[in-house]
Structure formats: C-alpha cells, structure tokens
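**Q** What follows is a structure written as structure tokens; I'll ask about it next.
The values are calculated or read from the model by the stated rules, or taken from the named source; none is laboratory data. None of these values were measured; they are calculated from a predicted model. Don't worry about glycine lacking a Cβ; one is built from the backbone with ideal geometry, like all the others, and counts go over all protein chains shown. Side chains included, ligands, DNA and RNA excluded: accessible areas come from the protein's heavy atoms. Shrake-Rupley method; radii C 1.70, N 1.55, O 1.52, S 1.80 Å.
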Amino acid sequence: PRTPAGMGAVPEPCPQAPLAVLSKVELRVSCKHLLDRDTLNKSDPCVLLLMQSQGQWMEVDRSEVIKSNLNPVFAKIFTVDYYFEEVQKLRFEVYDSHGHTGVGTHDDDFLGGMECTVGQIVAQKRVTKPLFLKYGKFAGKSTITIISEEISGNNGYVELAFRAKKLDDKDLFSKSDPFLEIYRIDDDRSEQLVYRTEVVKNNLSPVWEPFKVSLNSLCSCEERRKLRGVVWDYDSRGKHDFIGEFFTTFEEMQKAMGENKVQWDCMNPKYKIKKRNYKNSGVVVLLDLKIHRVYSFLDYIMGGCQIHFTVAIDFTASNGDPRNSCSLHYINPYQPNEYLKALVAVGEICQDYDSDKKFSALGFGARIPPKYEVSHDFAINFNPDNDECEGIQGVVESYQSCLPKIQLYGPTNVAPIITKVARVAADEERTKEASQYFILLILTDGVVTDMADTREAIVRASYLPMSIIIVGVGNADFTDMQILDGDDGVLRSPKGEPVLRDIVQFVPFREFKNASPTALAKCVLAEVPKQVVEYYSYKAFP
C-alpha cells in the first residue's frame with residue numbers, strides 16, 4: 001500500500017492568492033553502481049525524498065529498502081504537487097539501511113545525495129545525475145535516475161488482486177518464496193516498474209495482497225499498451241531466481257471484472273527451448289479488478305455541472321443606519337461599500353460557471369414590509385416565489401433598492417439560510433447526475449448568534465452538493481467565526497457529529513481592504529474546486 005506523499009503542503013493561502021496546483025507528478029527512482037558499505041554482503045539501499053520549505057530541508061517520503069543490491073530499481077512512486085510559478089527544490093538521499101534500526105543517517109551509511117528542482121525533472125522527463133557524498137565529493141561512479149510522469153486529469157486508479165498456482169520449485173529444502181513484478185512497456189521499448197508485490201514465503205500457489213495503482217502508472221491510460229508480469233523466487237542476498245513471465249494489456253485484464261478471472265501461463269523462455277514437453281512454470285491468475293475513476297474539477301464543469309450561486313446579506317442593526325456615512329450599508333454614490341465590494345469580487349468569478357447567470361439573493365436580521373416582522377431568510381427583491389436576480393448587477397440593484405424599505409434589526413441568525421439552500425441542494429442530489437453544485441456566500445458584520453444551530457446546519461450541508469463562504473465585513477472580533485472554518489480541526493455539530501467534508505471558508509474582508517478584488521476572490525474560492533471533487537467522489541464511493 002503506498003500513500004501519496006502529502007507534498008507541497010502550501011502554507012495558509014490567505015491573504016496572498018493561493019498557488020494553483022498545476023498537476024501532480026509521479027517520480028520513479030533507480031540507482032546504479034552504489035558504493036558497497038557492507039563487509040559481508042552488498043548495501044541495502046533506501047531513498048529519502050526531501051523538499052525545501054522556507055530554507056529548511058524536510059523529509060517528505062521514503063522508499064522501501066531493497067536488500068543486497070547496488071543497482072536498485074525502487075517500486076515506491078513519489079507523488080509531488082507541481083506548481084508552475086514556484087521553484088521547488090528536491091533532494092534525494094540514498095542510505096544503506098540496517099533492518100533493525102531502520103534507516104541510519106550516520107555518515108558511514110550515507111551512499112550519496114543529489115539536488116534538483118521539480119521543474120527540471122518535469123521538463124526533461126528523465127534525469128540521471130551523479131551522487132555526491134559530503135563536501136561535494138563524488139560517490140564513486142554512483143548515479144541516480146529520476147523518471148517523471150504527469151498525472152493527467154482523466155486519471156483514475158485500478159485495484160488488482162493476483163495469485164499464482166503450481167509455480168516451479170526453485171529451492172532445495174523448501175518451496176519457492178514468490179513475488180510478482182508488473183512492468184509497463186513504453187514506446188521506446190524500455191520497461192517501467194509499476195508495482196512489486198510482497199514475498200509469500202514457502203508457497204508454490206501464493207495469493208498476493210490486492211494493490212492499487214494509477215491508470216497513468218499502469219498503462220499511461222492506454223488500454224492496449226503491453227504489460228509484462230514477472231514472477232521471481234526471493235533470495236535474501238539479492239540474487240532472485242527467475243520463475244517465469246507473461247505478457248498482457250489492461251484491456252485484457254478488464255475481463256476479470258465481476259465473477260470472471262483471467263489467467264496466463266507463466267513461461268520461462270529457456271525451458272521452452274530446452275524441454276520438449278514444457279507447458280509452463282505455473283499459472284498467474286487475476287482474481288479481481290476494480291476501476292475507480294477520479295475526476296477533476298474541470299471534468300465536472302466540462303461535463304455540464306452548473307455552479308448555482310446564492311448570496312446572503314446581513315441586515316442586522318449592528319451595521320449602523322444606512323443613511324449614516326459610518327454605516328457598513330451606507331450607499332456612497334462614488335465608492336461601493338464593503339458588502340458590495342465582497343459581493344462583486346466573488347460573484348464575478350462564480351458567474352462564469354453559471355449558465356443562466358441568475359443569482360438567488362437573500363437577506364437576514366431585518367424587519368421587512370408589510371408587517372415589519374423579523375425575517376432571517378427573505379428575498380431582497382421581495383418576490384417570495386422567485387428570489388433570483390439577473391447577474392451580479394441585478395443583485396447590486398436589488399440590494400440598493402431594498403435598503404430604504406427595511407428596518408435593520410437582529411439577531412445574526414444564519415442557520416435558516418443555510419437550511420434553505422441545503423433544501424434546494426437536497427432536491428438536486430436526488431437526481432443523481434452531477435448537474436448542480438451550490439455556493440452560498442454569507443456576508444456578515446458580526447459573530448453569529450445561533451452558533452449551535454449553524455454548526456448543526458453545516459454538518460447536514462456537508463453531505464450535500466454545497467459549499468459555504470463567509471466573508472466578515474467591518475472591524476468586529478471574528479475569532480469565534482474561525483471555528484466554522486474547519487482548518488483548525490474538524491467542525492462538529494452540538495451532538496459531536498463531525499462534518500463529512502470541510503465545506504466552510506471564512507475570511508475577514510479587512511485583510512483584503514487594500515488588495516485587488518481578485519485577491520479576495522482567489523482566496524475564498526481556492527477551496528471550492530477541491531470541495532466539488534470531494535463531494536462527487538464521496539457520492540461515487542461512499
């Protein structure tokens with residue numbers, strides 16, 4: 001089981017605009033002519049990957065240890081986030097490992113290191129460099145080779161379960177200790193190791209643990225690309241005995257879905273020539289294959305998913321009388337107030353993803369005509385049957401014309417609006433297609449009064465196709481609002497139930513007062529693509 005390296009942990013994006021992850025890159029590592037540090041047998045190499053962050057080298061991930069081998073090809077695939085606009089420095093360090101103590105970082109276990117950038121590897125696709133010891137000394141003739149592959153957007157992964165039957169016995173006093181390697185054969189006929197299974201001891205009919213690999217890694221997302229499987233008998237001194245091989249394609253493997261199995265003769269070409277009635281050296285069986293498609297945000301948008309945008313505006317009395325120039329709702333003919341600035345900045349980006357360009361616009365915390373009762377979810381165009389406005393400009397006009405008609409009041413209750421949008425999203429969810437995703441932008445000048453109800457409403461909403469962006473307007477103390485943004489820990493309902501996924505982003509507008517509107521939009525919308533993808537993947541694989 002390999003976990004992708006949690007790389008490129010970007011520092012908190014706000015208030016600078018976050019970096020756009022261009023793509024993820026898979027790195028494969030092999031070495032040649034490593035130094036021999038062990039007196040009795042060969043070195044047992046392991047590679048550490050370090051990344052530079054704020055001038056410090058941090059270990060991000062490490063490979064498996066390969067026993068007794070000076071020319072190792074590591075099965076571990078390192079996954080790196082690739083940012084186009086940033087120099088990302090990497091350092092690979094090779095150590096001779098001592099099983100019981102793990103990887104030593106003593107000088108006498110250090111077999112050499114190499115530094116480069118992600119950009120260099122991506123540009124060259126294959127980089128071979130000498131390994132250096134401390135103080136710039138060459139580590140003999142040792143070299144390290146890094147092969148990079150970009151994970152394409154349409155990438156998914158596949159889960160495979162193999163076993164073998166009646167393998168040849170290569171050991172005198174016990175049975176073979178088989179392991180399986182899968183290689184992808186590239187256009188230039190070179191072979192890339194895709195996966196190496198664990199060793200099953202003393203067994204001629206082993207069942208290997210199921211494993212997951214990306215389609216990119218397995219066959220470069222080409223179903224007919226040739227693949228080679230090799231079965232070896234493990235030897236602790238690194239001299240593994242060849243049992244046999246077979247060739248296949250991902251297209252052929254897919255016959256193993258459902259109840260079916262696919263099997264191949266495991267052939268040893270030498271025996272085939274030498275032995276007259278040689279049939280095979282055993283059989284390899286693919287017991288099961290599951291495909292998991294992974295889609296990106298752009299895949300959903302291009303596939304017709306619409307972003308539906310709702311804005312909710314705080315009309316509580318703490319904003320100040322709109323006729324007074326100190327009020328956060330003051331309509332200045334020459335300069336938009338903070339509510340309008342935040343609304344336009346975020347709305348203009350969402351507008352691009354919404355085909356009908358109609359936005360729901362709601363207000364809360366005011367007394368509204370005709371009876372002047374307090375409402376926490378009224379349409380600011382005062383049309384209860386249709387709260388939609390034409391584009392961002394329509395929202396701005398409805399906002400300006402409703403201000404003189406309402407009486408600012410309180411308290412600051414936002415749960416009713418979250419629940420209202422969630423109800424529409426729940427109706428949408430029943431349709432099963434990825435057709436509409438809801439973004440609720442809440443603009444408020446203070447800390448919410450109904451915190452318990454709000455937390456409950458957010459936990460419910462985290463199961464639905466929606467995200468919530470809260471922009472704090474004015475100079476209030478917004479410390480309590482940070483709780484709703486799950487970045488500091490998991491948000492829970494009052495009963496302790498955690499959110500299914502983090503859907504709230506909270507930003508105080510004052511941090512962007514002097515920045516451009518795009519900086520605010522980038523910051524609050526940075527999480528949305530990830531939230532959309534998370535929602536649809538939870539739906540596909542609950």
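**Q** When Arg501 is evaluated against the numbered criteria (1) under 22 Å from the mean Cα position of the chain (by Cα); (2) without any contact (Cβ under 8 Å) to a residue 60 or more places away in the chain; (3) open to solvent by 10 Å² or more (accessible area, probe 1.4 Å), which criterion, by number, is the only one it fails?
**A** (3)
**Q** Here's something else I'd like to know. Please list, ordered by first then second residue, the pairs with beta carbon atoms under 6 Å, 6 or more apart or interchain, first in the stretch 459-473 and among the aromatic types (Phe, Trp, Tyr), second open to solvent by 10 Å² or more (accessible area, probe 1.4 Å).
**A** Close Cβ pairs satisfying both conditions: Tyr463/Leu500.
**Q** Any residue in the stretch 251-259 that is in contact (Cβ under 8 Å) with a residue 40 or more places away in the chain and open to solvent by 50 Å² or more (accessible area, probe 1.4 Å)?
**A** No.
**Q** Inspect the stretch 504-513 for any residue being of a type in the set (A, V, I, L, M), surrounded by 20 or more Cβ atoms within 10 Å (Cβ to Cβ) and at pLDDT 85 or above and give the result as yes or no.
**A** Within the stretch 504-513 (the criterion being of a type in the set (A, V, I, L, M), surrounded by 20 or more Cβ atoms within 10 Å (Cβ to Cβ) and at pLDDT 85 or above), the answer is yes, since at least one residue qualifies.
**Q** Would you point out which residue out of Lys42, Lys67 is open to solvent by 80 Å² or more (accessible area, probe 1.4 Å), at pLDDT 80 or above, assigned to a loop (DSSP other than H, G, I, E, B) and closer than 21 Å to Leu131 by Cα?
**A** Sole residue among the options that is open to solvent by 80 Å² or more (accessible area, probe 1.4 Å), at pLDDT 80 or above, assigned to a loop (DSSP other than H, G, I, E, B) and closer than 21 Å to Leu131 by Cα: Lys67.
**Q** Looking only at the stretch 231-250, count how many residues are under 17 Å from Arg184 (Cβ atoms) and polar (S, T, N, Q).
**A** 2
**Q** Further question: Tell me which residues, restricted to the stretch 332-342, are assigned to a loop (DSSP other than H, G, I, E, B) and open to solvent by 50 Å² or more (accessible area, probe 1.4 Å).
**A** Pro333, Tyr334, Pro336
**Q** Filter the stretch 203-219 for residues that are open to solvent by less than 30 Å² (accessible area, probe 1.4 Å) and not in a strand (DSSP E or B); which is farthest from Val25 (Cα to Cα)?
**A** The selected residue is Pro206.
**Q** Please go through (1) crowded, with 21+ Cβ neighbours inside 10 Å; (2) under 24 Å from Ser217 (Cβ atoms); (3) of a type in the set (Phe, Trp, Tyr) for Tyr295 and return the number of the only condition it doesn't satisfy.
**A** Every listed condition holds for Tyr295 apart from (1).
**Q** Oh, and also: Out of the residues in the stretch 325-342 that are out of contact with any Leu (no Cβ under 9 Å at 6 or more places or on another chain) and among the hydrophobic types (A, V, I, L, M, F, W, C), which is nearest to Phe315 (Cα to Cα)?
**A** Leu328
**Q** Suppose we filter the stretch 22-39 for residues that are open to solvent by 80 Å² or more (accessible area, probe 1.4 Å), within 30 Å of Ala526 (Cβ to Cβ) and not charged (D, E, K, R); how many remain?
**A** 1
**Q** Tell me, which residue of the stretch 453-482 that is assigned to a helix (DSSP H, G or I) and under 30 Å from Pro322 (Cβ atoms) is farthest from the chain's Cα centre (by Cα)?
**A** This residue is Asp453.
**Q** What residue, of Leu525, Leu520, is within 26 Å of Tyr399 (Cα to Cα), in contact (Cβ under 8 Å) with a residue 40 or more places away in the chain and open to solvent by less than 10 Å² (accessible area, probe 1.4 Å)?
**A** It is Leu520.
**Q** Which of the residues belonging to the stretch 484-497 are crowded, with 16+ Cβ neighbours inside 10 Å and without any contact (Cβ under 8 Å) to a residue 12 or more places away in the chain?
**A** none
**Q** Within the stretch 235-250, track down each residue that is open to solvent by 80 Å² or more (accessible area, probe 1.4 Å) and within 20 Å of Val199 (Cα to Cα).
**A** Across the stretch 235-250, the qualifying residues are Arg237, Lys239.
**Q** Note down all Cβ pairs under 7 Å where the first residue falls in the stretch 28-41 and is touching a residue at least 40 places away in the same chain (Cβ under 8 Å), the second is basic (Lys, Arg) and open to solvent by 30 Å² or more (accessible area, probe 1.4 Å), and they're at least six residues apart or on different chains.
**A** Short answer, once both residue conditions are applied: His33/Lys141; Asn41/Arg237.
**Q** A further question on this structure: If you scan the stretch 159-201, which residues turn out to be more than 29 Å from the chain's Cα centre (by Cα), assigned to a loop (DSSP other than H, G, I, E, B), of a type outside the set (D, E, K, R) and surrounded by 15 or more Cβ atoms within 10 Å (Cβ to Cβ)?
**A** Passing the criteria: Leu167, Ser176, Val199, Val200.
**Q** Across the stretch 292-350, what is the total count of residues that are at pLDDT 90 or above and on the phi > 0 side of the Ramachandran plot?
**A** Total meeting the criteria: 1.
**Q** Would the stretch 443-452 turn up any residue that is within 27 Å of the chain's Cα centre (by Cα), over 30 Å from Asn324 (Cβ atoms) and in contact (Cβ under 8 Å) with a residue 40 or more places away in the chain?
**A** No: the stretch 443-452 contains no residue that is within 27 Å of the chain's Cα centre (by Cα), over 30 Å from Asn324 (Cβ atoms) and in contact (Cβ under 8 Å) with a residue 40 or more places away in the chain.
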